[in-house]
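Here the structure is laid out as structure tokens; the discussion comes afterwards.
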Amino acid sequence: MPGRHSAAFSFAYVLASDAGALHVIDPGTDTVENRLRLDASLAAVGLERAAIATVFVTHLHSDHIGMARWIREVTGASLSVHVAEQAALDRLSRGTLDPDSQLDGWGVPAVRRIELMPFVVPVSRPRNIIDGVLHDGDLLPIEGRAVRVIWTPGHTPGSACLVDEERRILFSGDHLLPNMNPGLGLGGSTPTNAIADYLDSLDKIAPYEDVEVAPGHGYRFIGLTERAAEIRGHVSRRRTATAAILAETPHATVFELASRLPWSGGWARMQGFYLFSAIRQAELNLDLVTCRSSSGAPSATS
Ligand SMILES: [Zn+2]
């Protein structure tokens, strides 16, 4: 969830195999500070960066995948994502819609267009650094540990959680966060509605109610079922609010709808990525309420 104030940091997780190889989940934003932080954190527990054998990223946002490129270069580690996330990276790098027609389609007034541009233009994606893809149910290649991929589309098309069933830990990426409602549909367009996908994906992790959740942001927590129920309530309230606004003004544009929906940060303070995400959430809700098929949504991050 790039740029989000309360998500100013993200968690990288490192798992060690029986043989001593290291496997990184979501290395995080690529900055000099973070590279030093990774080395220092490993050194603090007697480990070295050179032992990193693989990197898996839960989704394509730069605050998760960013540093993977550097780790891959300096260690020779292989990088993998869920197969649907690689497809999303492909689509985003090609670009789908002309940015102006996208903004026109949403009804964005001239004064708000410049700040949205970075999120609607096709930008080069690190697609060519992906060495392999994993599928739902696959195990990460970690000797002595069974860490399984669960495909949980919604936040992005190929978002994935990882579950270590023996140690009862679920690495949730941005699918389930303790103190934020994940933005949905933030990895480009899909033929399905990202809200519906997200609710199905909450069902997919429901069997793991007793695990410790290790999320991409916030803090580790126990109580997956309660947190999923809170987010479901939030999703449902937004859908109801959308239906009420559309009943009053059936021809509201996506932008008008977004401006009238309640937002935890307040509409007046929405800028840049937050504005983009709010518009995208409004669009998905409008599609859902009117049974309109999902229109092409551009990228979310640079
Ligand atoms: Zn994200």
Inset, instruction - Six or more apart or on different chains, Cβ under 8 Å: which pairs go from a residue in segment 152-165 that's more than 22 Å from SER277 (Cα to Cα) to one that's polar (S, T, N, Q) and within 12 Å of the ligand (Cβ to nearest atom)? Could you list them? - result: LEU162/THR58
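Could you please find all residues in segment 81-113 being closer than 30 Å to ILE25 by Cα and in contact (Cβ under 8 Å) with a residue 60 or more places away in the chain? Spell out how you get there, then give the answer.
From segment 81-113, those closer than 30 Å to ILE25 by Cα are 81-96; that's our starting set.
The answer is VAL81, HIS82, VAL83, ALA84, GLU85, GLN86, ALA87, ALA88, ARG91, LEU92, GLY95, THR96.
The rows are residues; the columns are (1) among the aliphatic types (A, V, I, L, M); (2) surrounded by fewer than 21 Cβ atoms within 10 Å (Cβ to Cβ); (3) over 22 Å from PHE9 (Cα atoms); (4) modelled with pLDDT of 95 or more.
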| position | (1), (2), (3), (4) |
| --- | --- |
| GLY66 | no, no, no, no |
| ASP100 | no, yes, yes, no |
| GLY107 | no, yes, yes, yes |
| VAL120 | yes, no, yes, no |
| LEU134 | yes, no, yes, yes |
Inset, instruction - Please verify whether segment 189-197 includes one or more residues that are more than 30 Å from PRO99 (Cα to Cα) and of a type outside the set (Ser, Thr, Tyr). - result: no
Legend entry - Of residues in segment 151-165 being modelled with pLDDT of 95 or more and part of a loop (DSSP other than H, G, I, E, B), the one surrounded by the fewest Cβ atoms within 10 Å (Cβ to Cβ): GLY158
Legend entry - Candidates SER41, SER10, filtered to the one that is crowded, with 22+ Cβ neighbours inside 10 Å and either touching a Gly at 6+ places or on another chain (Cβ under 8 Å) or not in a loop (DSSP other than H, G, I, E, B) (or both): SER10
Inset, instruction - Answer yes or no as to whether LEU79 is in a strand (DSSP E or B) and either more than 16 Å from the ligand (Cβ to nearest atom) or surrounded by 23 or more Cβ atoms within 10 Å (Cβ to Cβ) (or both). - result: yes
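Residues in segment 29-38: is at least one among the hydroxyl-bearing types (Ser, Thr, Tyr), within 16 Å of the ligand (Cβ to nearest atom), outside any strand (DSSP E or B) and closer than 30 Å to ASN285 by Cβ?
yes
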Legend entry - Single unsatisfied condition, SER189 versus (1) within 16 Å of the ligand (Cβ to nearest atom); (2) under 27 Å from TRP263 (Cβ atoms); (3) outside any helix (DSSP H, G or I): (1)
Legend entry - One residue from ARG112, ARG69 being under 30 Å from HIS251 (Cα atoms) and part of a helix (DSSP H, G or I): ARG112
Inset, instruction - Could you tell me whether any residue of segment 220-241 is surrounded by fewer than 21 Cβ atoms within 10 Å (Cβ to Cβ) and assigned to a loop (DSSP other than H, G, I, E, B)? - result: yes
Legend entry - For ASP174: the one exception among (1) of a type outside the set (A, V, I, L, M); (2) closer than 25 Å to ALA8 by Cβ; (3) in contact with a helix residue (DSSP H, G or I) (Cβ under 7 Å, 6 or more places away or on another chain): (3)
Legend entry - Subset of segment 166-186 that is within 16 Å of the ligand (Cβ to nearest atom) and in a strand (DSSP E or B) - its residue that is surrounded by the fewest Cβ atoms within 10 Å (Cβ to Cβ): PHE171
Legend entry - Number of the exception - ALA247 against (1) surrounded by 13 or more Cβ atoms within 10 Å (Cβ to Cβ); (2) modelled with pLDDT of 95 or more; (3) away from the ligand (no atom under 16 Å from the Cβ): (1)
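Could you count how many residues in segment 15-28 are under 18 Å from HIS61 (Cβ atoms) and part of a loop (DSSP other than H, G, I, E, B)? Talk me through it step by step, then tell me what you get.
Step one: list which residues in segment 15-28 are under 18 Å from HIS61 (Cβ atoms), which gives 24-28.
Adding the requirement that they be part of a loop (DSSP other than H, G, I, E, B) leaves 26-28.
Residues meeting the conditions: 3.
The values are calculated or read from the model by the stated rules, or taken from the named source; none is laboratory data. Values in this document were obtained by computation on a predicted structure and should not be read as measured data. When we count neighbours, we look across all protein chains shown, and the Cβ atoms used for this are built from the backbone with ideal geometry, even at glycine.
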